[in-house]
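Everything on this sheet refers to the single structure shown next.
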Amino acid sequence: MATKPIFVVDNGAHMSKSKMNTSDKPRIIPNCVMKSKFYPRRTFIADQIDNECPNKTSLYYQLPFQKGYLVDWNIQKQVWDHLFGKIPFKSTGLLMTEPYMNLNFIRETMDQIFFEEYEVASFARYDPATLSAYQYERDTKSNYVLVIDSGFSFTHIVPFYQGRKLLDGMTRIDVGGKLLTNQLKSVISYRQLLVMNETYIINELKENVCFVSLDFQEDMKKARLPLSENTNSIDYVLPDYNEIKQGYVQSPSSLTYNGNTADSSKKNATKQQQVVRMNVERFTIPEILFRPSIIGIDQAGIAESIYNSVEELPEHIRPSLYNNILLTGGNCLFPNFKERLENELRSMIKDDYPIRITLPENPITHALNAGVTLTNSSDYANYCVTKREYDEHGVSICHRKFTDNS
């Protein structure tokens, strides 16, 4: 049997989500090492940037993941050492996510590190969609699920039948949160203010004000109207980490002053603030998820890719997949994301095919919570490898057991 308790980690390329299988509250930390020009001798690991770095302008990121794959083990081990702290792994198991279609030598390295360096009591690794599909099938009793995981590096479309991936329908779109943030940095730098070094601030801006358009052409027309008639245009005050610790949307009342009645201190404060006007950028940046071609990426968008993915599979299972779509990943939190996806799919597929799209309460931690559910199940021993099994069979048993269950 697998040893309890078990530490569960969704090791994303941007954020690492983790918690014990006996705990309710997840811990979410950046999966990177950062340096600041204001503290040149200091290296900030993961959430140290939130707790110990007062000024987050011009941060330099060192990421363990590049293009979705773990390539810098030194950086990753620093984050893991910080995350694990004093967890007694000799009596604690570990479940960790891995990238989709992971390379075998990366898998073997992970197995060796956790069993030989951290000496975990048991270990299991599965991609996030496998865990999400496990939870969905457990909750709905459905044999089919189509997982859409739109994360930091890519967007993956992964169909499942009875917990097994249908590889013929698996699709990757080279658009994720990192590309959207970089595109927003480029647009703002070209039109308004140089922010190419402000990844942290612009990512926060993107998450706070961007949305998916339900009628792109209509929103473009609205963006050309005078400011008084354009409900999409807002002014966003950037943080300076002295007076302003958090960026915020400026209220319309603070943008205009009525002659002699205006307060001079308010005028001076407004002049000192760095304000970015967000108009078409609010919806054209998330639009890349649905139309990558607008920035020169020769791929179909999410809705069309889902259609193409399902069309690759036998016709008799297609209605079941359209009726069991699960959204996960941080990009699914854009307002109107689910509604836009449903509208586009409805226009593509047959009228008699049902569509049901499920957006979890928190799509970012859905795979993590699914992993916790798996570790608390009675058959978890079939999904993990114990230290004794690893000592007897080596990495071969890891490859066999983890492949059989995904």
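The values are calculated or read from the model by the stated rules, or taken from the named source; none is laboratory data. Not measured: the values here are computed from a predicted model. Ideal geometry is used to build each Cβ from the backbone, glycine not excepted, and the neighbour counts take in all protein chains shown.
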- Item | the stretch 115-153 - residue that is over 24 Å from the mean Cα position of the chain (by Cα) and surrounded by 24 or more Cβ atoms within 10 Å (Cβ to Cβ) and, of those, nearest to Glu315 (Cα to Cα) | Ser122
- Message: Consider the stretch 325-353. How many of its residues are modelled with pLDDT under 95 and under 19 Å from Asn143 (Cβ atoms)?
- Response: 1
- Which of the residues spanning the stretch 114-135 are within 15 Å of Gly68 (Cα to Cα) and part of a helix (DSSP H, G or I)? Pro128, Ala129
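Please determine, by comparing only the residues of the stretch 3-21 that are among the basic types (Lys, Arg) and surrounded by fewer than 23 Cβ atoms within 10 Å (Cβ to Cβ), which one is nearest to Phe84 (Cα to Cα). Don't jump to the end; show me each part of the working.
Taking the stretch 3-21 and keeping what is among the basic types (Lys, Arg), we get 4, 17, 19.
Those left that are additionally surrounded by fewer than 23 Cβ atoms within 10 Å (Cβ to Cβ): 4, 19.
On the way: Lys4: 16, Lys19: 10 Å.
Filtering the stretch 3-21 for residues that are among the basic types (Lys, Arg) and surrounded by fewer than 23 Cβ atoms within 10 Å (Cβ to Cβ), the one nearest to Phe84 (Cα to Cα) comes out as Lys19.
Kindly check whether there is at least one residue in the stretch 283-296 that is modelled with pLDDT under 85 and among the small types (Gly, Ala, Ser).
Of all residues in the stretch 283-296, those modelled with pLDDT under 85 come to none.
No - not one qualifying residue is present in the stretch 283-296.
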- Residue in the stretch 36-76 that is nearest to the chain's Cα centre (by Cα), counting only those that are within 24 Å of Met196 (Cβ to Cβ) and hydroxyl-bearing (Ser, Thr, Tyr): Tyr61
- Across the stretch 301-335, the tally of residues that are in contact with a Phe, Trp or Tyr (Cβ under 6 Å, 6 or more places away or on another chain), of a type in the set (S, T, N, Q) and within 22 Å of Asn208 (Cβ to Cβ) stands at 0
- Note on the structure: When restricted to Ile173, Ile157, the only residue over 30 Å from Tyr380 (Cβ atoms) and aliphatic (A, V, I, L, M) is Ile173
- Query: For residues in the stretch 156-182 being in contact with a helix residue (DSSP H, G or I) (Cβ under 6 Å, 6 or more places away or on another chain) and polar (S, T, N, Q), which is surrounded by the most Cβ atoms within 10 Å (Cβ to Cβ)?
  - Reply: Thr181
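Tell me the residue from Glu304, Glu311, Glu315 that is modelled with pLDDT of 95 or more, over 25 Å from Gln135 (Cβ atoms) and not basic (Lys, Arg), please. Walk me through it before giving the result.
Numbers: Glu311 fails: modelled with pLDDT of 95 or more; Glu315 fails: modelled with pLDDT of 95 or more.
After ruling out the rest, the residue left standing is Glu304.
Can you find a residue that is over 22 Å from Leu166 (Cα atoms), touching a helix residue (DSSP H, G or I) at 6+ places or on another chain (Cβ under 9 Å), of a type in the set (D, E, K, R) and not assigned by TED's automatic domain parsing to the domain that holds Asn208 anywhere in the stretch 318-333?
So in the stretch 318-333, the residues over 22 Å from Leu166 (Cα atoms) come out as 330-333.
Cutting the leftovers down to touching a helix residue (DSSP H, G or I) at 6+ places or on another chain (Cβ under 9 Å) gives us 330-333.
If we keep only those that are of a type in the set (D, E, K, R) too, we end up with none.
Checking the stretch 318-333: not a single residue is over 22 Å from Leu166 (Cα atoms), touching a helix residue (DSSP H, G or I) at 6+ places or on another chain (Cβ under 9 Å), of a type in the set (D, E, K, R) and not assigned by TED's automatic domain parsing to the domain that holds Asn208.
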